[in-house]
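The values are calculated or read from the model by the stated rules, or taken from the named source; none is laboratory data. Source: prediction; values computed, not measured. All Cβ positions, glycine included, derive from the backbone under ideal geometry; neighbour counts span all protein chains shown. Protein only, heavy atoms only, side chains kept; ligands, DNA and RNA dropped before computing areas. Shrake-Rupley method; radii C 1.70, N 1.55, O 1.52, S 1.80 Å.
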Amino acid sequence: MEVFTNNRNSRKYQIGYALSGGFIKGFAHLGVMQALLEHDIKPEIISGVSAGALAGVFYADGNEPHKVLDYFSGHKFQDLTKLVIPKKGLFDLCEFIDFLRTNVKAKNLEDLQLPLIITATDLDHGRMVHFHRGSIAERVAASCCMPVMFAPVNIDGTNYVDGGLMMNLPVSTLRRVCNKVVAVNVSPIMAQDYKMNIVSIAMRSFHFMFRA
């Protein structure tokens, strides 16, 4: 089931970018978008899930892709998350939300220079939600919120987790409003070798789910 927060995207766009989830591999979106930009290929709308939503929001906020890395320079995983007693998840995303509030100029999705659709999973009702409006920081965090690893993000009384659970490559959100869609998937089939620890096993399992 798809839930749309409004009907903002009623006109046709020439080119839209669909950016997949992929955790830390999401930084590869910036390289792809920079290469396309250097060939004068620019999106008029972006649809992002998880790491794709994170890369997309900085682009839609008016940054050149290669400049986005500057925002994360010097930050470690521990700087953007908070280890908590595992009740809802191993980490809390409050620091990540604060980071987004500080570094993204626009505060609401409707204020971005480019339209951005953020997909998250409504954990309470088991459905996809495509956000077009509202506070950016909470919605990006919700889309990036890998369950078990991170505590769900509560927005207006509803708990949200990673959009990749139900749609890891958000092409369909753009099909009816774009003449062309450039889909960037940074989560291809994983290598056979992986570490036998709880984080690596969880990440590998989630990637298989997302790919399915």
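General remarks:
- Between Glu44 and Asp98, the FRET efficiency from the beta-carbon distance, with R0 = 41 Å, is close to 0.85.
- Residues in the range 136-153 carry Karplus couplings, in order, of 5, 4, 5, 6, 5, 4, 4, 5, 8, 7, 5, x, 6, 5, 10, 5, x, 9 Hz; the curve used is 6.51 cos²θ - 1.76 cosθ + 1.60 with θ = phi - 60°, and Gly or Pro positions show x.
- Each residue was assigned an accessible area with a 1.4 Å probe, and for Ser73 the value is about 90 Å².
- When Leu54, Leu174, Leu69 are compared by accessible area at a 1.4 angstrom probe, the order from most to least is Leu69, Leu54, Leu174.
- Shape category assigned to the range 92-212 from the gyration tensor of Cα positions, a/c cut at 1.5: oblate
- Asp61, Asp92, Asp98, reordered so the largest accessible area comes first (probe 1.4 Å): Asp98, Asp92, Asp61
- Solvent-accessible surface ranking, highest first, for Asp193, Asp111, Asp40 at 1.4 angstrom: Asp193, Asp40, Asp111
- Sequence-distant aspartates and glutamates (8 or more away, or on other chains) whose Cα lies within less than 13 Å of Lys107: Asp61, Asp98, Glu138
- For the range 27-76, the per residue solvent-accessible surface stands at 42 Å², with DNA, RNA and ligands left out and a 1.4 Å probe.
- Whole-Hz Karplus values for the range 175-185 come out as 3, 7, 10, 10, 6, 9, 10, 9, 9, 10, 10 Hz, taken residue by residue from phi with 6.51 cos²θ - 1.76 cosθ + 1.60 and θ = phi - 60°; glycine and proline positions read x.
- Derived scalar couplings between HN and Hα for the range 30-39 equal 5, x, 5, 5, 5, 4, 5, 4, 5, 9 Hz in order, rounded to whole Hz, by the Karplus curve 6.51 cos²θ - 1.76 cosθ + 1.60 (θ = phi - 60°), x for Gly and Pro.
- With all pairs of different C-alpha atoms in the average, the Kirkwood value for the hydrodynamic radius of the range 18-63 is 10.4 Å.
- Sequence-distant residues sharing a close amide H with Ile155 (under 5 Å, placed H): Tyr160
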